[in-house]
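This report concerns only the one structure given below.
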Amino acid sequence: MHSDQDRAPLWLRLLAYGGIGFLFLPIAVIIIYAFNAESAGYSFPPKGFTLSWFGAAFARNDVLQAIGLSLQLAALATVLAVLLGTLAAAAMYRRDFFGKNAITMMLILPIALPGIITGIALLSAFRLADIPSGFWTIAIGHATFCVVVIYNNVIARFRRMSYSLVEASQDLGADMFQTFRYVVLPQIATALLAGGMLAFALSFDEIIVTTFTAGNEVTLPIWMLNQLTRPRDVPITNVVAMTVMLITALPILGAYYLTRGTEDIAGSGK
Amino acid sequence: MSIAVQFQQVSRHYDSVRAVDDISLDIAEGEFFSMLGPSGSGKTTSLRLIAGFEQPSSGSLRIFGQEAAGLPPNLRAVNTVFQDYALFPHMNVLDNVAYGLMLKGVTKSERHRRAEEMLEMVKLGQYGSRRPSALSGGQRQRVALARALILQPRVLLLDEPLGALDLKLREQMQTELKTLQRQLGITFVFVTHDQGEAMSMSDRVAVFNKGRIEQVAAPQVLYNQPATAFVADFVGAANVFDGELASTLVGHAQSFAVRPERIRPAGQLADDDVVRVPGKLLDIQYLGAVSRYEVEVSGHKVVSMVLPNENGNATAPAEIGAALTLAWPSHAMLPLAG
């Protein structure tokens, strides 16, 4: 039974709602002013409701190109991360070898390292190797921190999976690939999907590492950063920001529901 | 009768641990063979060597005459029932059973028909569309059995398959497994730590201890002629008398064992060829059909004596704390090697 005594005291509740407001009010402002009829920016209250900024934003080539580039990058980084992360998890699970802890550390490090360090490191490495900055360098940069998301999800699933399933499959005549295809993959599928969605979202709105590796390419976050210097485009920036929010929030929500109650979504804190 | 599985001086070492230490063993075709021992004795590792999940560190392992070392599990004509059943949770029962046939490329309708037949055989005919998670422990066990048998292996390996079941179900499954083995006529290699289970089902039993085999024999021989103190103690109950105590009690230093049910109060046995030992009654345990009497002899050794209870009524031969002389026929002494 819930009585009044079970409830948190008033000051605590106010504080909690205040915290939520502090986090989400700026986001709400962006969404509200994306529909504002006035073009000059943030006058209060909003002057009226319009959808015209959506039309204006999506008629602009630079916006579309930036969105397109970011989607391609996120997709490529996710594919790389799924391949490498799954392989790494399969190699590390159930094996003990010299240097295993060091390798685990190295896999997890990119998500803990400040992006600026990853960015500088990658930039120097690419310079040294004489690789011109561009699409592929951004994708590789993003993959460094996406791998760990997949790795953590998949290895957590591996640990919960009884290894005798793999042995049973072999025992019944399956070779390694058949065992992976018919037994292992179905077991880790939701972990891959959840990890992949997170990786996609991480890559899609990444800006720091991107700045160092992008060269002349303009991804969506970089485009938005550039917009700050152009106050007249504020409503268009708001529209694009809202789009970015939707594109990144939906996969994260999806990942949450897919793995709810089964495991932690590692790396969701970045 | 030919040899199904042959171990020749097989060892399996993990770094310094000798999980299986130089064992030699022949398992005959069509035999119900048990590997019995406490945990860590090497019995499960031996089974996994046959299945191919482990490779011998040294020695030769042959399956129907063919050298098996280096052969992966999927190329061996043996199948395994796992301790945790290892049913694939994302497939229904029918697809679990049909899995081996699917890998062989048998068409869907054919493999489903044969899987249905296997399920009928283990009395789970109407459960094909269920998920393994919707079955009880005993039912999962039967599915695991059907899945392993559908490939018609010449040797079926069972890794403590009854360990997770409750007592009644375990006894029922023992009977069913034994019947199934007789019907199919294939070799069963059964790993267990339960000596009662091994004794009641097996044609022959290998008793494992610390990676080595102490004795391989039929259950009756194990019971009546245990080779070592370990076997005497592990298979059935036994009072083991080591060399020192033996020389005090009977005048020679050969270690021996006496089964509790062979011991009687001195008054109940005729005089000829009987060993008498004075002692003191410590405790009486009423067990229904029999009672167990704990008697201290020679100042420190506690000996168990089991007497039948006439009509379920225990009649104690002495009061607790009183003197009681025990006796056993000298042919009831089982000489022990180690």
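Each of B:Gln126, B:Ala206, B:Pro308 was placed along the dipole of chain B (beta-carbon charges, centred on the mean Cα), and the one lying farthest toward the positive end is B:Gln126.
Counting only Cβ charges, +1 for Lys and Arg and -1 for Asp and Glu, the dipole size of the protein assembly as shown around its Cα centre is about 1660 debye.
Positive end of the dipole of chain A (Cβ unit charges, origin at the Cα centre): among A:Thr219, A:Gly48, A:Gly196, the Cα lying farthest that way belongs to A:Gly48.
Using the Stokes-Einstein relation with a Kirkwood hydrodynamic radius computed over Cα pairs, the translational diffusion coefficient of the protein assembly as shown at 20 °C and a viscosity of 1.002 mPa s comes to 70 µm²/s. Per-residue 3J(HN,Hα) values for segment B:191-206, derived from phi via the Karplus relation 6.51 cos²θ - 1.76 cosθ + 1.60 with θ = phi - 60°, read 9, 7, 9, 9, 5, x, 4, 4, 5, 6, 9, 8, 6, 9, 10, 9 Hz in sequence order (x marks Gly and Pro).
If we sort B:113-124, A:13-24 on the protection proxy, mean other Cβ atoms within 10 Å, highest first, what's the order?
Per-residue mean Cβ counts within 10 Å order the peptides as B:113-124, A:13-24.
Axis angle, to the nearest 10 degrees, between helix A:234-259 and the longest C-alpha principal axis of chain A: 30 degrees. Semi-axes of the equivalent ellipsoid for segment A:45-135, computed as √(5λ) from the eigenvalues of its C-alpha gyration tensor and ordered from largest down, come to 40, 19, 15 Å. Residues in segment B:107-124 near a label at B:Leu184, defined as backbone nitrogen under 19 Å from the 7 Å Cα→Cβ point? Answer for this model: B:111-124. Cα convex hull, chain B: 174 Å³ per residue, rounded to a whole number. For segment B:1-95, the Kirkwood estimate of the hydrodynamic radius, built from every pair of different alpha carbons, is 14.5 Å.
Residue exposure proxy: A:Phe200, B:Phe33, ordered by other Cβ atoms within 10 angstrom of their Cβ from fewest to most, comes out as B:Phe33, A:Phe200. Judged by the gyration tensor of its Cα atoms, with axes a ≥ b ≥ c, segment B:54-151 is prolate; a/c meets the 1.5 cut and a/b is the larger of a/b and b/c.
Calculated FRET efficiency, B:Arg62 to A:Ala75, Cβ-Cβ distance, R0 = 60 Å: about 0.65 to the nearest 0.05. For segment A:140-230, the C-alpha radius of gyration divided by 2.2 N^0.38 Å, with N the number of residues, is 1.57. The residue list B:Gln215, B:Ser60, B:Leu177 was ranked by how far each Cα lies along the charge dipole of segment B:3-229 toward its positive end, using unit charges on Cβ atoms, and B:Leu177 comes out on top.
More than 28 Å apart: what percent of Cα pairs in segment A:60-259 qualify?
So the pairs more than 28 Å apart make up 36 percent of the total in segment A:60-259.
Here segment B:239-335 yields Rg over Rh of 0.96, to two decimals, using C-alpha coordinates and the Kirkwood radius.
Spin-label model, A:Asp175/B:Glu117: points 7 Å from Cα along the beta carbon direction are separated by 2.8 nm. Computed per residue of the protein assembly as shown from DSSP H runs no shorter than four, each worth -39500 (n - 2.57), the mean residue ellipticity at 222 nm is -14500 deg cm²/dmol.
Coordinate-derived values only; no laboratory data. Since this is a predicted model, take the numbers as computed values, not measurements. Note that each Cβ is placed from the backbone with ideal geometry, even for glycine, and that neighbours are counted across all protein chains shown.
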